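Reading through the structure tokens given below for one structure.
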Amino acid sequence: MDATVANSRVSGTARAPPSKSYTHRALLAAGYAEGALVRNPLVSADTRATARAVDHFGGDAERTGENWEITGFLGDPDVPADVVDCANSGTTMRLVTGTAALVDGTTVLTGDRSLRSRPQGPMLDAVEQLGGTARSTRGNGQAPLVVDGPVDGGTASIPGDVSSQYVTSLLMLGAVTERGVEVELTTELKSAPYVDVTLDLLDSFGVDAEERRNGYRVPGGQTYEPTDGEYAVPGDFSSASYLLAAGALAAGDGEDGDGERGGEVVVEGMQPSAQGDAAIVDVLREMGAGVDWRETEGRIVVERGALDGVEVSVADTPDLLPTIAVLGAAADGTTTITDAEHVRYKETDRVAAMAEELAALGASVEEHPDELVVHGAESDLSGAAVDGRGDHRIVMALAVAGLVADGETTIAGAEHVDVSFPRFFDVLADLGAAVDA
């Protein structure tokens, strides 16, 4: 599907979708439990893959209205009767590789072409260290994967600079092993706030885990048991970043929900949580946007302003790189995004993708191994045909760029927003954007 976005102003109120990161973890945690009602989950292509995985391991995930009712397997997953297809969801594959390590038998995991190109080797090594067997069928550390268990806990040493999801997977499985799991990091941990999300989620399910000097530890013999058998998913800052960026770049005259003319974008459902991507609020402020986060109300109000370039590390917030790159392309001065090497191992190489697609729109961009440099003062954005690269975050970022590019911007592969923000183009249109999807 193509989506065309024309230069336009936006205003009004929108609600960010529920957090993808919390939803993945909550669905699997409910699977590890006797069960739970997961309230306000993100229902998307990726989270449906995790729900299907829970079914494969002997649980049952059933949609009930706006919620997901999970019947769990109490920390003792069955041998899947079929291959576990994780589709395009790297989070699903990494988290349920840990679940597979608990199975007294063999599990085969695969995914689509993009997922089969992403690194899984550190997780396979970790399973081996815990006493299971795990291998890539092609011997390259990529899916399809074959995992045999069960493991009973122990110590696993893994690099921290490829994906924090390995840590999450090990902590989640470790709680239901006999001995627990200690994770030793051999390199600096990137995307650390995502492990904070995991620790927060585990605490809500009654599971103790702790950060240690060079890693993490979770005691064994624990039971997943959320308060009152329920867990409510918070709003997603990664997805909200596109709406906030739209406000910072293109807020202006438009109709809000009361029919009044306005010049701001309000994003609801944004209570504070452990999500590292809440850093987008500080990035926008540093660039010069008018931002008012009313935390107790869960509302972020953004006004358009003259933006200046900044230097931002995405070591802990890799999903923000596409958003910041677009902001930089429309700002004065230069925006330098550093510590970005691990951002190349997502659904696509997001560093290269944003460099090439922004250049197609007229931006002046430099790509380095671990940096993306955007010269906003030398950029003149004009509508063009661009490629979303099969990556939901690239698609949404380019749509925001289309709001401030002259003419019309047509994005190929726009259907991939279903991974994390299925109604993205509807929400953008509701804010007044000229969108044809």
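Here are a few things to note about the model shown:
- Condition check for Gly288: surrounded by fewer than 17 Cβ atoms within 10 Å (Cβ to Cβ), modelled with pLDDT under 95 and on the phi > 0 side of the Ramachandran plot: no
- Pairs, first under 13 Å from Ala45 (Cα atoms) and modelled with pLDDT of 95 or more in region 12-24, second basic (Lys, Arg) and assigned to a helix (DSSP H, G or I), C-beta under 9 Å, six or more apart: none
- Test result for Val386, assigned to a strand (DSSP E or B), of a type in the set (A, V, I, L, M, F, W, C), crowded, with 18+ Cβ neighbours inside 10 Å and in the same structural domain as Val265 (by TED's automatic domain parsing): yes
- Region 167-192, subset among the small types (Gly, Ala, Ser) and closer than 12 Å to Val207 by Cβ, residue surrounded by the fewest Cβ atoms within 10 Å (Cβ to Cβ): Gly180
- Candidates in region 348-377 are the residues that are under 24 Å from Gly90 (Cβ atoms) and among the β-branched types (Val, Ile, Thr); of these, the one that is surrounded by the most Cβ atoms within 10 Å (Cβ to Cβ) is Val351.
- Val314 being in the same structural domain as Phe424 (by TED's automatic domain parsing) and either at pLDDT below 95 or more than 20 Å from Thr198 (Cα to Cα) (or both): no
- Given (1) part of a loop (DSSP other than H, G, I, E, B); (2) over 27 Å from Arg212 (Cα atoms); (3) within 20 Å of the chain's Cα centre (by Cα); (4) not hydrophobic (A, V, I, L, M, F, W, C), number of the condition Ser163 does not satisfy: (2)
- Residue check, Asp125 part of a helix (DSSP H, G or I) and surrounded by fewer than 20 Cβ atoms within 10 Å (Cβ to Cβ): yes
- Checked against (1) outside the structural domain of Ala26 (by TED's automatic domain parsing); (2) surrounded by fewer than 21 Cβ atoms within 10 Å (Cβ to Cβ), Val266 meets all criteria but (2).
- Verdict on Ile337 being β-branched (Val, Ile, Thr), touching a Gly at 6+ places or on another chain (Cβ under 9 Å) and within 18 Å of Leu249 (Cβ to Cβ): yes
- The set of residues in region 354-373 being in contact with a strand residue (DSSP E or B) (Cβ under 6 Å, 6 or more places away or on another chain) and over 18 Å from Thr409 (Cα atoms) consists of Val365, Glu366, Glu371, Leu372, Val373.
- Scanning region 390-437 for residues that are of a type in the set (Val, Ile, Thr), under 24 Å from Asp349 (Cβ atoms) and at pLDDT 95 or above turns up Ile394, Val395, Val400, Thr409, Thr410, Ile411, Val417.
- Cβ-Cβ under 6 Å pairs, at least 6 apart or on other chains, region 332-350 side closer than 17 Å to Ser164 by Cα, far side part of a loop (DSSP other than H, G, I, E, B) and small (Gly, Ala, Ser): Asp339/Ala315; Glu347/Ser114
- Extreme residue, surrounded by the fewest Cβ atoms within 10 Å (Cβ to Cβ), among residues of region 92-114 that are in contact (Cβ under 8 Å) with a residue 60 or more places away in the chain and among the hydrophobic types (A, V, I, L, M, F, W, C): Leu102
- Condition met for Ser89 (without any contact (Cβ under 8 Å) to a residue 40 or more places away in the chain, polar (S, T, N, Q) and closer than 21 Å to Asp418 by Cβ): no
The values are calculated or read from the model by the stated rules, or taken from the named source; none is laboratory data. The structure displayed is predicted, hence computed values, not measured ones. Every residue, glycine as well, gets a Cβ built from its backbone with ideal geometry; the counts of neighbours run over all protein chains shown.
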